[in-house]
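Worksheet for the structure shown next.
The values are calculated or read from the model by the stated rules, or taken from the named source; none is laboratory data. Predicted, not measured: the structure shown is a model, and the values here were computed from it. As a convention, Cβ positions derive from the backbone with ideal geometry for all residues, glycine included, and neighbour counts pool all protein chains shown.
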Amino acid sequence: MSELHVVATIPVKPEAVDQVRPALTELVAATRAEEGCLAYDLFESAAAPGTFVTVERWTGQEALDAHMTTPHVAAAFAAAGGALDGEVAIHPLRPVE
């Protein structure tokens, strides 16, 4: 089984950034404790402030699928609620060889 690399973008309305940031920080801590999570880092785009980006490494698709069903993912989406400024985009990545 090969590792799965994922990038997700989370666009947040400018007035809601300070509301959403703590929920995403909590998501990081809980996710890093998950079985199958090899790395999970949160950034805010310097080019597009208010767009949060996760850079993730998983043991495989099954681990990512399990992650998406956890209570902490549901809590983060609930906290973001009406604060999103577009769609959350999850990008599983394939190596270019």
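Is it the case that the stretch 30-38 has a residue that's among the aliphatic types (A, V, I, L, M), modelled with pLDDT of 95 or more and closer than 19 Å to HIS91 by Cβ? Yes - at least one qualifying residue is present in the stretch 30-38. For the stretch 8-20, the set of residues classified as surrounded by 14 or more Cβ atoms within 10 Å (Cβ to Cβ) and either closer than 17 Å to HIS72 by Cα or out of contact with any helix residue (DSSP H, G or I) (no Cβ under 6 Å at 6 or more places or on another chain) (or both) consists of ALA8, THR9, ILE10, PRO11, VAL17, GLN19, VAL20, listed by residue number. Under the condition of being of a type in the set (D, E, K, R), closer than 17 Å to HIS67 by Cα and free of Cβ contacts under 8 Å to residues at least 24 places away in the same chain, the residues counted in the stretch 1-48 number 2. Counting only residues that are β-branched (Val, Ile, Thr) and exposed (fewer than 11 other Cβ atoms within 10 Å of the Cβ), the stretch 36-92 holds 1 of them.
Yes or no, residue by residue, for (1) among the small types (Gly, Ala, Ser); (2) under 18 Å from LEU93 (Cα atoms):
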{"residue": "GLN19", "(1), (2)": "no, no"}
{"residue": "THR25", "(1), (2)": "no, no"}
{"residue": "VAL28", "(1), (2)": "no, no"}
{"residue": "VAL55", "(1), (2)": "no, yes"}
{"residue": "GLY60", "(1), (2)": "yes, yes"}
